[in-house]
Amino acid sequence: MSNEVEMLRIDGAQGEGGGQVLRSSLALAGLTGRPVELSRIRAGRQKSGLLRQHLTAVRAAAEVTGATVEGAELRSAWLRFTPGPIRGGTYHLAVGTAGSATLVCQTVLPLLLAADGPSTLVFEGGTHNPAAPPYDFLEAVYFPLLRRMGAQVEARMERAGFYPAGGGRFVLEVAPGRPGPVPPLARAGAPVFEAWAMSAGLAVTVAKRELAVVRDALGISREAATIRRVEAPGRGNVVHIRVTDGDAVELVTAFGAVGRPAEVVAAEAVEEALRFVDLGAPVGEHLADMLVLLVGLYGGAFETGVWSLHASTNLAIVQAFLGADAVQAEERGGRWYVARP
Amino acid sequence: MDRLATVVIGFYGTTLDRGRGAARWERWRPTVALCQHPDRIIDRLELIHPPREAAGAAQVAADIAQISPETTVRLHPLALADPWDFEQVFAALHDFARAYAFDLDAERYLVHITTGTHVAQICWFLLAESRHLPAALIQTSPPRHGDRDVAGQVQIIDLDLSRYDALARRFEAEHAESLAFLKDGVDTRDPAFNRLIAELERVALRSREPILLQGPTGAGKSRLARRIHALKAQRRQVRGELIEVNCATIRGDAAASTLFGHVRGAYTGATHARAGLLRAADGGLLFLDEIGELGLEEQAMLLTAIEQRRFLPVGADAPVESEFQLIAGSNRDLAAAVRAGRFREDLLARIDLWTFHLPGLAERRADIEPNLDVELRRAGERVGRHVTLNREARDRFLAFATSPAAPWPAGFRELNAAILRMATLAPGGRIDVATVDAELARLRRSWRDPEDDGLATLLGPAADDLDPFDRVQLAHVVAVCRRQPSLSAAGRVLFAVSRTRRTAPNDADRLRKYLQRFGLSFDALRPDPPR
């Protein structure tokens, strides 16, 4: 049991020094059964220590792993997390405005793949928040890749939750089973674009204007650019563009906001999509930091064109838990290659 | 160990919190925003709302459940016929606070003052300040323009001022300052006197009731009255003047008119109306020194004036009003004066609420040295030059001044006069041993005043209660006792005639009983009474 294993100490201020250090540590502690003690949590931030959204992630991870937790208080800079066995089951995880339900989902999903039985997770809260990967990213990029690795994950969004009203809802069905390694991903050099504009509580003309810009810029058909009216408690608008190129899939998102013209929002999404195309590597910035964890856990390799602070922080945390041999990264000619040696 | 749960009590803002459409989320709604802060968890919200606004309040509760799953909302319908009526709102909120089961071991309470009328805000403030509601105040404000964060700002105001270190230090400093103020800058050492001043400071700053300063002459009653007035003026507790009068100087017919004023033609020679001292003290302080010297009639008028804050000037048909705080001074035992029928019992009862017994200088010898320093500086200012006292001269003066050989019958007044004389005579501004010796000789001479029968020193203020008839007799008896070696010897001298007619003369017993009437004994009269 965990008492026999030495406590791992993590400096919460390392790397990006924010919630990522915490969430990755919680997932890895639960998966390795190793207790972890975090200090200097979010030390450099304006509001340092644990905020509400972080406490929600701690509670979710503790529930799934039957962990005992000390220091889980608002603004606490210190946390001790001693996990128990991971249990499958039905979990209802409600996240307030301040946090995104997708971040909590990312924390507990790897845990439930290693549970003793299947799980149903109901997430409530924000689904489309500029400070986190939107639900559509999980659905279009992350879950399909996990499925390619052999994981059994099904998800559906029942209601969108835009900032600040939140109130979104999505359900995840997870069957346990160790996934295989991250598969080789290669670009084919022929990107295919698909765009959708989501909006709630707004005139349809907003989405129409956005898609007109996207179609013109990327030269895509009306069938590949659709309006998705979604149910949501508050008003909201986002433009998603999915780029598929060989094995590589990326989803970029731009957020509408009061006072921001639809054309500007759409142009931002287009620019991001084209940047991915230009980079040439199969893995984009946000997927990269998620895959660092998956390579560390399940093996495999990938190649990315953007090496963010989040990715390098995750690398350090994974190495701290699993050893330096579990995953390594090196730069060659402006690209980053991440693999288990 | 466990965190205290945070409970917010507040009104549903009928304007600010209202909202139905999806766009309400983009508007700042104080009660909802309170639960949207990433660094703050509200565990429970007690939302008070008018019964007719139940739907709006329920909407707020539902919205909070969505954005803050950590929060439980409880709705409290409360009917207020007029939410701007202070009495009504206060009563309703007071009832709410009384009925609420506060659990201070498990929860901490915040009252949200941003919503509700200004009257409600005032009521919350008063209830929190008086601790009827054991809560701090929480104020919310909208996000700054251009801020993407919808929650806005929050400010918690704890009315328990002792929780603010900087304020506590400020109050301590202010307290020390007012004590020093009352002591007139003299760093007194006598612990009993310092306790008295500390208590007097509290009373002076908190009470408008009469204060009675008792003590022998020269104990500093007048000076203290002036300092009380200055302290209250500095704290803006009085706007009026300090009116001082020694009642011994206004005895007789003029007394009533001096104190209470008169109308024109009130009596022969009253060609002009006179306002009187009580009227002059309106809004301020009236210091009546030697209040025991006031005539019985004036005492009755004074009592009415204190109790009703109005009185009839001599010859007037209509009362005039004056609101003043009375400070009474007395060097005699007023209770004894009441027994003797010279002072009204009801007046004493009225002014005896805050009585302070000021010890005379002879009982506060530890304070002679600090007074010496301050008075020396003041004397220097009066004579217009800096005056110093060399070490030897200082020791010489203090050795005498603090010894039993110096009775200081006139108290601090006498000490200050001695210091002023030395300062004036000091050659080149330096008080030397010769100056001190000259002054000490002068003091000793004055204390052997042939006019002084010594009874004041012996009996204290009680000597003033003696009739001249008794006084002469007692002074002679004391003088004889001091010259004779024993009680019996003194008795033989004093009863020299009558003893010859007695079969069994018992002079000693007669003398002992006589002395006892004045609380004296033969031994106490010896030049060097045994300790």
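The values are calculated or read from the model by the stated rules, or taken from the named source; none is laboratory data. Everything quoted here is computed from the prediction, not taken from an experiment. Here the Cβ is made from the backbone with ideal geometry for all residues, glycine too, and neighbour counts use every protein chain on show.
Restricting region B:10-20 to residues that are more than 14 Å from chain A (Cβ to nearest Cβ) and of a type outside the set (Gly, Ala, Ser), the residue that is farthest from A:Asn237 (Cα to Cα) is B:Phe11. The criterion of at least 3 residues that are of a type in the set (A, V, I, L, M), in contact with a helix residue (DSSP H, G or I) (Cβ under 7 Å, 6 or more places away or on another chain) and more than 30 Å from A:Arg34 (Cα to Cα) is met by the following strands (runs of 3 or more DSSP E) wholly inside region A:228-341: A:236-245, A:248-255. Each residue in region A:90-106 was checked for being buried (at least 21 other Cβ atoms within 10 Å of the Cβ), more than 13 Å from every other protein chain (Cβ to nearest Cβ) and more than 19 Å from A:Leu138 (Cα to Cα), and 0 of them qualify. Could you list, in sequence order, the residues of region A:191-206 that are assigned to a loop (DSSP other than H, G, I, E, B) and at pLDDT below 95? Result: A:Gly201, A:Leu202, A:Ala203.
Test B:Thr31 against the stated conditions and say whether it is surrounded by fewer than 19 Cβ atoms within 10 Å (Cβ to Cβ), in contact (Cβ under 8 Å) with a residue 40 or more places away in the chain and over 45 Å from the mean Cα position of the chain (by Cα). Against the criterion (surrounded by fewer than 19 Cβ atoms within 10 Å (Cβ to Cβ), in contact (Cβ under 8 Å) with a residue 40 or more places away in the chain and over 45 Å from the mean Cα position of the chain (by Cα)), B:Thr31 does not qualify. Among the residues of region A:188-212, the ones that are away from chain B (no Cβ under 14 Å) and either surrounded by fewer than 20 Cβ atoms within 10 Å (Cβ to Cβ) or touching a helix residue (DSSP H, G or I) at 6+ places or on another chain (Cβ under 6 Å) (or both) come to 15 in all.
Say whether the condition of being free of Cβ contacts under 8 Å to residues at least 60 places away in the same chain and not assigned by TED's automatic domain parsing to the domain that holds A:Met7 is met by at least one residue in region A:102-115. Looking for residues that are free of Cβ contacts under 8 Å to residues at least 60 places away in the same chain and not assigned by TED's automatic domain parsing to the domain that holds A:Met7, one finds at least one in region A:102-115, hence yes. Across region B:391-421, the number of residues qualifying as over 19 Å from B:Asp367 (Cα atoms) and surrounded by 14 or more Cβ atoms within 10 Å (Cβ to Cβ) comes to 1.
So, B:Ala23, is that one exposed (fewer than 15 other Cβ atoms within 10 Å of the Cβ), over 30 Å from A:Ser48 (Cβ atoms) and either in contact with a His (Cβ under 6 Å, 6 or more places away or on another chain) or within 14 Å of another protein chain (Cβ to nearest Cβ) (or both) or not? So B:Ala23 passes the test.
Every residue, every condition in (1) within 39 Å of the chain's Cα centre (by Cα); (2) surrounded by fewer than 17 Cβ atoms within 10 Å (Cβ to Cβ), yes or no:
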| site | (1), (2) |
| --- | --- |
| B:Ala441 | no, yes |
| B:Ser446 | yes, yes |
| B:Asp467 | yes, yes |
| B:Arg510 | no, yes |
| B:Leu515 | no, no |
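Of all residues in region B:35-55, those that are within 14 Å of another protein chain (Cβ to nearest Cβ) have Cβ atoms under 9 Å from Cβ atoms of residues that are in a helix (DSSP H, G or I) and of a type in the set (D, E, K, R), 6 or more apart or on another chain, in B:Cys35/B:Asp63; B:His37/A:Arg52; B:Pro38/A:Arg52; B:Asp39/A:Arg52; B:Arg40/A:Arg52; B:Ile41/A:Arg52. Looking only at region A:112-122, which residues are closer than 16 Å to A:Ala155 by Cα and more than 14 Å from chain B (Cβ to nearest Cβ)? The answer is A:Leu112, A:Leu113, A:Pro118, A:Ser119, A:Thr120, A:Leu121.
The combined condition, being surrounded by fewer than 18 Cβ atoms within 10 Å (Cβ to Cβ) and not in a loop (DSSP other than H, G, I, E, B), is fulfilled by B:Glu297.
Selection over region B:123-147 of residues that are of a type in the set (Gly, Ala, Ser) and more than 13 Å from B:Phe90 (Cα to Cα) gives a count of 4.
Report yes if B:Ile351 is touching a Phe, Trp or Tyr at 6+ places or on another chain (Cβ under 8 Å), in the same structural domain as B:Asp289 (by TED's automatic domain parsing) and hydrophobic (A, V, I, L, M, F, W, C), otherwise no. So B:Ile351 does not fit the description; no. For region A:107-123, the set of residues classified as buried (at least 22 other Cβ atoms within 10 Å of the Cβ) and within 19 Å of A:Ala160 (Cα to Cα) consists of A:Leu121, A:Phe123, listed by residue number. Criterion first (modelled with pLDDT of 85 or more, within 31 Å of the chain's Cα centre (by Cα), loosely packed, with under 14 Cβ neighbours inside 10 Å and of a type in the set (D, E, K, R)) does B:Glu129 satisfy it? In short, yes. When B:Ala101, B:Ala91, B:Ala106, B:Ala135 are checked against the criterion of being surrounded by 16 or more Cβ atoms within 10 Å (Cβ to Cβ) and either in contact (Cβ under 8 Å) with a residue 24 or more places away in the chain or assigned by TED's automatic domain parsing to the domain that holds B:Trp28 (or both), a single residue qualifies: B:Ala135. Criterion applied to B:Leu213, B:Leu196 was being crowded, with 17+ Cβ neighbours inside 10 Å and either in a helix (DSSP H, G or I) or at positive phi (or both), and the one residue passing it is B:Leu196.
Condition check ((1) within 14 Å of chain B (Cβ to nearest Cβ); (2) over 20 Å from the mean Cα position of the chain (by Cα); (3) farther than 21 Å from A:Leu103 by Cβ; (4) modelled with pLDDT under 95) across all residues:
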| residue | (1), (2), (3), (4) |
| --- | --- |
| A:Leu138 | no, no, no, no |
| A:Val141 | no, no, no, no |
| A:Gln152 | no, no, yes, no |
| A:Phe170 | no, no, no, no |
| A:Ala175 | no, no, yes, no |
| A:Ile227 | no, yes, yes, no |
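Of all residues in region B:56-93, those that are among the acidic types (Asp, Glu) and within 14 Å of chain A (Cβ to nearest Cβ) total 2. Hey, can you tell me all the residues within region A:64-78 that are in contact (Cβ under 8 Å) with a residue 24 or more places away in the chain and more than 14 Å from chain B (Cβ to nearest Cβ)? Listed by number, the residues that qualify are A:Val64, A:Thr65, A:Ala67, A:Trp78. Considering only residues that are buried (at least 19 other Cβ atoms within 10 Å of the Cβ) and among the aliphatic types (A, V, I, L, M), look in region A:154-168 and name the one that is farthest from the other protein chains (Cβ to nearest Cβ). The selected residue is A:Met157. Just one of the listed residues (A:Arg34, A:Arg87) is touching a residue at least 12 places away in the same chain (Cβ under 8 Å), closer than 21 Å to A:Ala175 by Cβ, assigned to a loop (DSSP other than H, G, I, E, B) and away from chain B (no Cβ under 13 Å), namely A:Arg87.
For region A:42-61, the tally of residues that are under 22 Å from A:Thr120 (Cα atoms) and either more than 19 Å from the chain's Cα centre (by Cα) or of a type in the set (Phe, Trp, Tyr) (or both) stands at 0.
Based on what the data block shows, is A:Gly125 at negative phi, within 12 Å of another protein chain (Cβ to nearest Cβ) and in contact (Cβ under 8 Å) with a residue 24 or more places away in the chain? Against the criterion (at negative phi, within 12 Å of another protein chain (Cβ to nearest Cβ) and in contact (Cβ under 8 Å) with a residue 24 or more places away in the chain), A:Gly125 does not qualify. Using the structure shown, decide if A:Ala248 is over 22 Å from A:Glu194 (Cα atoms) and crowded, with 18+ Cβ neighbours inside 10 Å. Spelling it out, it is not the case that A:Ala248 is over 22 Å from A:Glu194 (Cα atoms) and crowded, with 18+ Cβ neighbours inside 10 Å.
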